[in-house]
Amino acid sequence: MEGELALCKAADVEEGCALRVALDGHAPFAVYRSDGEYYVSEDTCTHGEASLSEGVVEDGQVECPWHSGRFCLKTGSALTFPAIVPIRVYPVSIKDGTVCIRPEADT
Ligand code: FES
């Protein structure tokens, strides 16, 4: 579909893990798999400069590796202090085994 961006192979993201994807012209993304679902957010934590793809992924949430702020992977909401500002999340589709997003889509 027009405007879609292919990020990685779905099989490259292990359950309960995240993968950092850096593409030219875009801030890095984090691709997550939690309970069989795929999620994508901006990779940089809104509290500091931590890479969220290095955080702990469980129960549809990611815990930042630096100060343990937690975010909802579905909505991007900041759930626990010191995370206050939501992360941007993107609608995800799996096309032919590839994780795709529409980076310009409103979320
Ligand atoms: S950098 Fe993520 S909670 Fe501080």
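Coordinate-derived values only; no laboratory data. Note that this is a predicted model, so its numbers are computed, not measured. Reconstructed Cβ throughout: ideal geometry from the backbone, glycine too, with neighbour counts over all protein chains shown.
Could you give the size of the charge dipole of the chain about its Cα centre, using +1 on the Cβ of each K and R and -1 on the Cβ of each D and E, expressed in debye and rounded to the nearest 20?
140
If you stretched the chain out fully between Phe81 and Ser68, how much longer would it get, using 0.36 nm times the residue separation minus the C-alpha to C-alpha distance?
Stretched out fully, the Phe81 to Ser68 stretch lengthens by 3.9 nm.
Given 10 Å bins starting at zero, what is the percent of C-alpha pairs of the chain in each, up to the one with the largest pair distance?
Answer for the chain: a P(r) of 17, 53, 27, 3 percent.
Cβ neighbours within 10 Å, averaged per peptide: list 3-15, 38-50 in order, most packed at the top.
The peptides rank, most packed first, as 38-50, 3-15.
Going by average Cβ density within 10 Å per residue, which order do the peptides 81-90, 21-30 take, highest to lowest?
In decreasing order of mean packing, 81-90, 21-30 become 81-90, 21-30.
Using a 10 Å cut-off around each Cβ, can you sort Leu19, Leu52, Leu79 from fewest to most neighbouring Cβ atoms?
Listing Leu19, Leu52, Leu79 from fewest to most nearby Cβ atoms yields Leu79, Leu19, Leu52.
May I ask for the Rg/Rh ratio of segment 57-101, computed from Cα atoms with Rh as the Kirkwood radius, given to two decimals?
Radius of gyration over Kirkwood radius for segment 57-101 works out to 1.07.
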